[in-house]
Amino acid sequence: MEFGNRLIVSCQDRTDWTIPMAVHGGAGGLRVNGVDDVKFARSVRENIPLVACWKKDIPGVQVRITPQIDMMQGLFRAGATFVAFDATQRRRLHSVASMVAAARRWSGMCVADVSTVDEGCDAWEAGADIVATTLFPVFDLEAIRRLATCGIRVMAEGNIRTPEQARQCLEAGADLVCVGSAITRPHEVTKWFLAALSKGM
């Protein structure tokens with residue numbers, strides 16, 4: 001399933017209103033967390049593409065974005081189009097290749113969340129359908145450009161605060177742009193404006 005357009009809205013806070021509002025606003029897809037929100041998003045619009053993850057802290061494991069294979073299965077069963085998982089080099093229960101293989105067993109697609117260009121290249125070679133810059137520490141157009149140059153299908157995500165930055169991601173080669181707080185968390189946006197207005201005063 002392709003996305004309705006290139007904007008994916010990450011709705012992982014106050015989803016009772018952020019999911020319907022993102023759909024109403026015309027998002028081409030949603031990124032959601034957990035089985036319940038997958039089901040809720042499907043009830044709002046049955047055919048909207050969903051990138052789903054399942055965040056959980058596990059003792060001794062550094063990965064918290066869909067750390068277990070059975071979580072992936074649960075998300076697909078609930079109606080996820082893609083399942084996103086941490087594909088970094090952090091201590092993990094299952095290899096990136098094992099996570100990709102699990103998605104294939106359930107005829108699903110996966111998004112690899114990475115924090116470096118090398119991790120993105122490795123995840124793509126392991127078979128990920130999309131590589132997302134979710135875990136990069138800063139907004140990094142050069143990283144998007146390098147990933148796209150390698151022929152990787154890239155979803156720009158993380159620290160995208162303005163429509164101008166979103167457009168820059170596409171110009172750098174991203175196929176999709178996922179925006180969260182700048183759309184769904186007005187309290188955070190309020191802080192950004194206050195910080196900007198207070199500079200030099």
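So in the stretch 92-137, with the set limited to residues that are under 16 Å from the mean Cα position of the chain (by Cα) and among the hydroxyl-bearing types (S, T, Y), which one is farthest from V51 (Cα to Cα)?
If we take residues in the stretch 92-137 being under 16 Å from the mean Cα position of the chain (by Cα) and among the hydroxyl-bearing types (S, T, Y), then T116 is farthest from V51 (Cα to Cα).
From the residues in the stretch 143-169 that are β-branched (V, I, T) and buried (at least 19 other Cβ atoms within 10 Å of the Cβ), which one is nearest to F82 (Cα to Cα)?
V154
Identify, by number, the condition in (1) crowded, with 16+ Cβ neighbours inside 10 Å; (2) under 25 Å from S98 (Cβ atoms); (3) of a type outside the set (G, A, S); (4) within 13 Å of the chain's Cα centre (by Cα) that P67 doesn't meet.
(4)
Checking A78 against (1) in contact (Cβ under 8 Å) with a residue 24 or more places away in the chain; (2) under 26 Å from A174 (Cβ atoms), which single condition isn't satisfied?
Tallying (1) in contact (Cβ under 8 Å) with a residue 24 or more places away in the chain; (2) under 26 Å from A174 (Cβ atoms), A78 fails exactly one: (2).
Being crowded, with 21+ Cβ neighbours inside 10 Å, at pLDDT 95 or above and either under 23 Å from N5 (Cα atoms) or in contact with a Pro (Cβ under 8 Å, 6 or more places away or on another chain) (or both) narrows it down to one residue among A132, A172; which is it?
Being crowded, with 21+ Cβ neighbours inside 10 Å, at pLDDT 95 or above and either under 23 Å from N5 (Cα atoms) or in contact with a Pro (Cβ under 8 Å, 6 or more places away or on another chain) (or both) holds for just one of A132, A172, which is A132.
When you go through (1) of a type outside the set (F, W, Y); (2) assigned to a strand (DSSP E or B); (3) in contact with a Gly (Cβ under 8 Å, 6 or more places away or on another chain) one by one for A80, which number turns out not to apply?
For A80, the failing item is (2).
The values are calculated or read from the model by the stated rules, or taken from the named source; none is laboratory data. Everything quoted here is computed from the prediction, not taken from an experiment. Don't worry about glycine lacking a Cβ; one is built from the backbone with ideal geometry, like all the others, and counts go over all protein chains shown.
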